[in-house]
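The values are calculated or read from the model by the stated rules, or taken from the named source; none is laboratory data. Since the model is a prediction, treat every value here as computed from it, not as a measurement. In this analysis, Cβ positions are derived from the backbone assuming ideal geometry, glycine residues included, and neighbour counts consider all displayed protein chains.
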Amino acid sequence: MSLCMQRKSIRRYEKTPVSDDMLESLLRSAMQAPSAVNQQPWRFVIIKNKDLLEKLSTVSKGAWPLKEAPIGILTVFKDDFKRKEMVPQDMAAATQNILLEATHQGLGAVWIGVYPRAERMDEIKSILNLENGEPFSLIALGHPAEDQTIKPRFDAQRIQVIE
Ligand SMILES: Cc1cc2nc3c(=O)[nH]c(=O)nc-3n(C[C@H](O)[C@H](O)[C@H](O)COP(=O)(O)O)c2cc1C
């Protein structure tokens, strides 16, 4: 089965730490994402500090998985690029690559939506004292501690073929 068909959001994690090698693989995959004119507008902030993860877990209703996660990854963008209107798509591609690599490494992860909600972006900047760039997404991750069964969602009705 392909990685795409194995990935699902995992929101509960074992206490076991994520190794540096695994973390590096996640970041290598993130930086291998496609981006408009190959502009790579991303930076990645790795959060291992428990107090900070706990604070981040309240930036939105859906951010709670960060509370028990051994690691959080914040994706950050700069939009002073040639193709600035494409930056959110570049960032989404990098975020998805992290999720797919996490699946490949046997880790569990969930995408926590940040951009374009200004109040979440501002709160994250303030919690992390972020001076450069804008928060795009948060990813909570760790060794999975929940059921990983996939429910296929394929729906032929959503496909139109034009010949
Ligand atoms: C832009 C975006 C924002 C999301 N935000 C959250 C979130 O804040 N909290 C959360 O638990 N899941 C979040 N998710 C995960 C979705 O809930 C999840 O992908 C969806 O329910 C489908 O389930 P699956 O990922 O297991 O296939 C988000 C996903 C995306 C793409």
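Would you confirm whether any residue within the range 52-69 is surrounded by 15 or more Cβ atoms within 10 Å (Cβ to Cβ), under 16 Å from the mean Cα position of the chain (by Cα), more than 16 Å from the ligand (Cβ to nearest atom) and at pLDDT 95 or above? Within the range 52-69, not a single residue is surrounded by 15 or more Cβ atoms within 10 Å (Cβ to Cβ), under 16 Å from the mean Cα position of the chain (by Cα), more than 16 Å from the ligand (Cβ to nearest atom) and at pLDDT 95 or above.
Residues are listed down the side, and each one gets a yes or a no for (1) within 14 Å of the ligand (Cβ to nearest atom); (2) hydrophobic (A, V, I, L, M, F, W, C); (3) within 19 Å of residue 61 (Cβ to Cβ):
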residue: 91; (1), (2), (3): yes, yes, no
residue: 94; (1), (2), (3): yes, yes, no
residue: 101; (1), (2), (3): no, no, no
residue: 114; (1), (2), (3): yes, yes, yes
residue: 117; (1), (2), (3): yes, no, yes
residue: 120; (1), (2), (3): yes, no, yes
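Among the residues of the range 5-17, the one identified as surrounded by fewer than 17 Cβ atoms within 10 Å (Cβ to Cβ), within 15 Å of the ligand (Cβ to nearest atom) and in a loop (DSSP other than H, G, I, E, B) is 12. Find the residue count for the range 18-48, including only residues that are part of a loop (DSSP other than H, G, I, E, B) and in contact (Cβ under 8 Å) with a residue 60 or more places away in the chain. So the count comes out to 3. Residue pairs whose Cβ atoms lie under 8 Å apart, separated by 6 or more positions or on different chains, with the first residue in the range 91-103 and under 17 Å from residue 1 (Cα atoms) and of a type in the set (S, T, N, Q) and the second within 12 Å of the ligand (Cβ to nearest atom) and modelled with pLDDT of 95 or more, are 103/6; 103/7; 103/109.
Is one or more of the residues making up the range 140-155 surrounded by 10 or more Cβ atoms within 10 Å (Cβ to Cβ), within 14 Å of residue 63 (Cβ to Cβ), within 16 Å of the ligand (Cβ to nearest atom) and modelled with pLDDT of 95 or more? First the steps, then the outcome.
Going residue by residue through the range 140-155, those that are surrounded by 10 or more Cβ atoms within 10 Å (Cβ to Cβ) are 140-146, 148, 150.
Filter again for within 14 Å of residue 63 (Cβ to Cβ), leaving 140-141.
Among the residues that remain, those that are also within 16 Å of the ligand (Cβ to nearest atom) are: 140-141.
Retained after the next criterion (residues that are modelled with pLDDT of 95 or more): 140-141.
Yes, there is a match, as at least one residue in the range 140-155 is surrounded by 10 or more Cβ atoms within 10 Å (Cβ to Cβ), within 14 Å of residue 63 (Cβ to Cβ), within 16 Å of the ligand (Cβ to nearest atom) and modelled with pLDDT of 95 or more.
Scanning the range 91-127 for residues that are over 21 Å from residue 34 (Cα atoms), out of contact with any Pro (no Cβ under 8 Å at 6 or more places or on another chain) and among the hydrophobic types (A, V, I, L, M, F, W, C) yields 118, 127.
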